[in-house]
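Each remark here refers to the structure printed beneath this line.
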Amino acid sequence: MIECIAVGLGGFIGSVCRYLIGLIPVNESTLFPVKTFVINIFGSFLIGVITAAALKNHDLDPRLVLFLKTGICGGFTTFSTFALETEGLIRQGNLGICILYGGLSVALGICAVFAGEMLTNQLMI
């Protein structure tokens, strides 16, 4: 039961942070979904940092790791919004932007996880 509370509290924090970032004014004339892109790449980096820290430090409470990874990162990043925006780009006939957005999101998201893990491993020597 405590695990569910940890995930729920983390999800609340992550979701509120995502909402607040969504309020930041950005040049809305661009077709590229900048805010969702930045949220997902940063969240990918953050989950890489958390994962590497948890693997290096076995004293971390597993519930804290669950709170951070599943709760905060899960609530913060947004695959469903990514999918909706990608579908919208296709529907609007913006196939080039769609391919760029989808490809960069996946490729940079994976690179961000690696970067977070590598940075954490370097700092925790």
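The values are calculated or read from the model by the stated rules, or taken from the named source; none is laboratory data. Quantities reported herein were computed from a predicted structural model and do not represent experimental measurements. A quick note on method: Cβ atoms are made from the backbone with ideal geometry, for glycine too, and the neighbour counts reach across all protein chains shown. Note: accessible area is taken over every heavy atom of the protein model, side chains too, but ligands, DNA and RNA are not part of it. Shrake-Rupley method; radii C 1.70, N 1.55, O 1.52, S 1.80 Å.
Tell me whether the stretch 46-115 comes out rounded, prolate or oblate; compute the Cα gyration tensor, take square roots of the eigenvalues as a ≥ b ≥ c, and use a/c under 1.5 as the rounded threshold.
Since a/c reaches 1.5 but b/c is at least a/b, the shape of the stretch 46-115 is classed as oblate.
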Using alpha carbons only, how many degrees (0 to 90, rounded to 10) separate the axis of helix 34-56 from the longest principal axis of the chain? 20 degrees
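Please work out whether the stretch 1-67 counts as rounded, prolate or oblate from its C-alpha gyration tensor, where a ≥ b ≥ c are the square roots of the eigenvalues and a/c under 1.5 means rounded, while otherwise a/b larger than b/c means prolate and anything else oblate?
oblate
Add -39500 (n - 2.57) for each DSSP H run of 4 or more in the chain, then divide by its residues: what number comes out at 222 nm, to the nearest 500 deg cm²/dmol?
-24500 deg cm²/dmol
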How much net charge surrounds Gly75 when only the other residues with a Cβ under 13 Å from the Cβ of Gly75 are counted, with Lys and Arg +1 and Asp and Glu -1? +2
Which percent of the accessible area of the chain is formed by carbon and sulfur heavy atoms (probe 1.4 angstrom)? 74 percent
Cα long-axis angle, helix 79-91 against the chain (0 to 90 degrees, to the nearest 10): 10 degrees
If I fit a long axis through the Cα atoms of helix 2-22 and take the longest principal axis of the Cα atoms of the chain, what angle between them do I get, 0 to 90°, rounded to 10? 40 degrees
Kirkwood hydrodynamic radius (C-alpha pairs) into Stokes-Einstein, the chain, 4 °C and 1.567 mPa s, D in µm²/s: 83 µm²/s
